[in-house]
Structures are given as C-alpha cells and as structure tokens.
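Here's the structure we're looking at; comments come further down.
The values are calculated or read from the model by the stated rules, or taken from the named source; none is laboratory data. On a predicted model such as this, the values are computed, not experimentally measured, just so you know. Cβ atoms come from the backbone with ideal geometry, glycine included; neighbour counts cover every protein chain shown. Note: areas computed on protein heavy atoms with side chains; ligands, DNA, RNA excluded. Shrake-Rupley method; radii C 1.70, N 1.55, O 1.52, S 1.80 Å.
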Amino acid sequence: IGGEVMYYIGIDIGGTGVQAGLVDESGKIIFTNECITDVAAGFDKVMEDINIMVRDLLKENDIKISDIKSIGCGVPGFINKKGQVTCVNLNWKSEEFIKTLQSKFPEVKVYADNDATVAALAEAKAGSMKGCDVGVMYTLGTGVGGGIIINGKAFSGAHNMGSELGHVIIDSNYYDCSCGNNGCLETFCSATAIINYSKKLISDGRNSKILEFANNDIDNVNAKNIFDAYRENDEVAVETINRFKEYLAKSIASIINTIDPEIISIGGGISRSGDIILDGIVRKYVVFKEEEFADIVIATLGADAGIVGAAFLS
C-alpha cells in the first residue's frame with residue numbers, strides 16, 4: 001500500500017476483545033485484526049498485545065511506521081488529563097495508558113479517549129453526523145454513553161470528564177446506578193434499565209408476552225423480547241418502552257436547550273429499534289417549541305465506529 005498517502009491506526013478496546021484497524025484519510029477501514037482482551041493478565045499484557053497487533057497490521061500491509069499519522073485508542077472507561085485510565089470492567093485503576101502506548105510507538109503521536117466519545121467522532125467524520133459543526137451522540141447499550149462534537153473535534157471538557165450523558169441525573173429511580181448515584185439516565189434508558197423495569201412489572205404479577213418471547217424464563221429476558229412484545233401491543237412492553245422514551249426525550253431536550261446541536265445521533269444496541277424510539281415527543285420538552293431543532297437520527301457506522309473514531313483522535 002505504502003507511498004505518499006498518510007494512514008491512521010484506530011484501536012477499539014472492549015471488555016472481551018481488542019480490534020485494531022488501518023484507516024485512510026476518508027475514514028475507510030482498509031484492514032483490521034483483533035485479539036481477546038486478556039483482562040486476567042492485566043494492563044501490561046493488554047498493552048503488549050496492542051503493540052503486537054499494530055506491528056502485524058503494518059507488516060501485513062507493507063507500511064512503515066513513518067506512514068502513520070497517529071495512533072488512537074477508544075477505552076471503555078475514564079481517561080484523565082494525565083493520560084491515566086480507570087476502567088472498572090478491565091480492573092484498571094489510574095493505569096499510565098498514554099505513557100505506555102507512547103513508549104511502544106515513540107515515532108508517532110498517540111491519543112486516547114472514552115469509547116462513546118470515540119464513536120461520536122466517527123459518526124461526525126464518516127457517518128450520521130458527517131459535516132455538522134455541533135453534534136451529540138447517545139450510545140444506548142448495556143449502559144448509556146455520550147459524545148459531544150464541536151467543530152469536528154471531540155469535546156470532553158476542562159478535566160476530560162465531560163459528555164458523560166448517561167450519568168446526568170434525571171429523576172429518582174427505584175435502584176441505584178453502578179456509579180453509586182441514584183437517578184442517572186443510564187438507569188432509565190439503557191438496555192439493562194428496560195430489562196430491569198419489565199422484569200419488575202412481571203414479578204409484580206403482570207401478564208406479558210415478553211415472558212413467552214424469553215422461553216418463559218424471566219432471567220432470559222432481553223431488550224429484543226421487549227421491543228418485539230411492544231410491536232404486538234403488549235401492555236407491560238408498552239409501559240416499559242414509553243417510560244424509556246419519555247426519559248430519553250427529556251434528556252435530549254435538555255441537551256438541545258443547553259448546546260443546541262445540529263444533529264443528535266442514537267447508536268448502541270437499542271438503536272436497532274429506531275423506528276420506535278422517538279416519534280416526536282422531544283418537542284414537548286424543548287423551550288422554543290415552534291423553532292426548528294436538532295435532527296434526531298440513527299447512527300450508521302455500527303461496530304466500525306470504535307476503530308474509525310479512534311483513528312481520528314487528535
């Protein structure tokens with residue numbers, strides 16, 4: 001491949017796997033490889049695995065490290081101003097992430113950010129928010145992540161703690177968030193939250209098709225069962241999804257009232273039921289109800305967002 005073209009490397013670190021990709025200037029992934037996330041072996045092992053993967057990526061494509069403009073990583077946790085990463089599901093606490101990565105690739109600029117921020121950057125570069133100056137992305141999966149893009153760059157605030165949209169406190173709830181607070185958006189609008197709420201209603205004695213879809217085992221209930229039952233007008237599913245939509249609409253309206261983005265993109269597993277999610281309830285909570293506000297769209301890059309976004313961190 002070599003030559004005058006510059007390439008980027010994006011690395012997407014997940015709880016079970018690490019993916020590395022070679023990305024061109026337009027955001028197209030040229031080549032990828034992956035390995036398992038060796039959580040048990042610890043931080044240094046994961047970093048060495050990343051080193052090996054990147055070297056293999058270069059070798060297999062006949063590219064020199066000098067052809068790489070930067071290497072970026074999306075991490076499933078918090079990275080502070082000093083480049084230290086804390087990540088509960090990998091058992092990392094203030095690990096020297098940037099310093100370690102830089103020591104493995106001294107010739108190249110290296111960057112890292114939270115995986116939801118990285119996904120938002122990808123959507124802004126090559127996906128559903130392409131070309132917009134101000135965009136916000138929600139990732140609705142096991143938890144709720146968020147990313148804010150301003151003038152084509154990821155915005156994480158003065159201390160790198162910004163855009164934690166899943167931990168904006170929106171109401172009091174019947175269970176606490178994993179972060180220790182009560183009332184985080186994550187406890188209303190994640191897949192985990194809707195599963196918990198439907199199971200609560202079923203355990204209270206309500207009849208529901210959700211249970212049928214889960215082979216009559218309440219422990220098997222997943223988000224797809226709930227959306228399937230919703231489509232069949234199941235009472236428990238309708239109540240669960242309407243509650244979810246109401247809180248998501250309030251959160252989105254708050255973001256609109258705060259930073260007035262051009263586009264709000266919804267990604268993560270729940271976005272696959274995008275036709276159900278937001279049929280016009282946001283306007284109810286926006287201050288200037290008669291005015292145009294952000295287009296609300298479904299993210300388009302899916303699983304590629306982690307690699308593409310990481311590649312363009314700067």
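Numbers for the structure displayed
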{"quantity": "Cross-link reach list, aspartates and glutamates versus K59, counting only Cα pairs under 20 Å and skipping chain neighbours closer than eight places", "calculated": "E4, D12, D24, E25, E34, E48, D49, D67, E107"}
{"quantity": "Centroid-to-centroid separation of the stretch 84-118 and the stretch 230-291 [C-alpha atoms, Å]", "calculated": "33"}
{"quantity": "Among 222-232, 164-174, the order from most to least packed when residues are scored by Cβ within 10 Å on average", "calculated": "222-232, 164-174"}
{"quantity": "Cα-based convex hull, the chain, per residue volume (Å³, whole number)", "calculated": "139"}
{"quantity": "Label-point separation in nm, K59 to E34, each point 7 Å along Cα→Cβ", "calculated": "2.2"}
{"quantity": "Probe 1.4 Å, accessible area per residue of the stretch 1-83, Å²", "calculated": "47"}
{"quantity": "For the chain, share of DSSP beta bridges that run antiparallel, in % to the nearest 5", "calculated": "60"}
{"quantity": "Compactness of the stretch 191-314, expressed as Rg and Dmax over alpha-carbon positions, Å", "calculated": "16.8, 53"}
{"quantity": "Cα-based reach from K81 at 18 Å (exclusive), listing aspartates and glutamates while leaving out same-chain residues under 8 positions away", "calculated": "E95, E96, D113, D115, E164"}
{"quantity": "Furthest towards positive pole of dipole, T192, N225, I277, structure part the stretch 192-301, Cβ charges", "calculated": "T192"}
{"quantity": "Ranked packing of 49-58, 139-148, 241-250, most packed first, by mean Cβ within 10 Å", "calculated": "139-148, 241-250, 49-58"}
{"quantity": "Unsatisfied cross-links (Cα-Cα over 27 Å) in the set K153/K224; K93/K224; K224/K250; K153/K284; K28/K250", "calculated": "K153/K224; K93/K224; K153/K284; K28/K250"}
{"quantity": "Between the stretch 127-157 and the stretch 21-76, the alpha-carbon center distance in angstrom", "calculated": "23"}
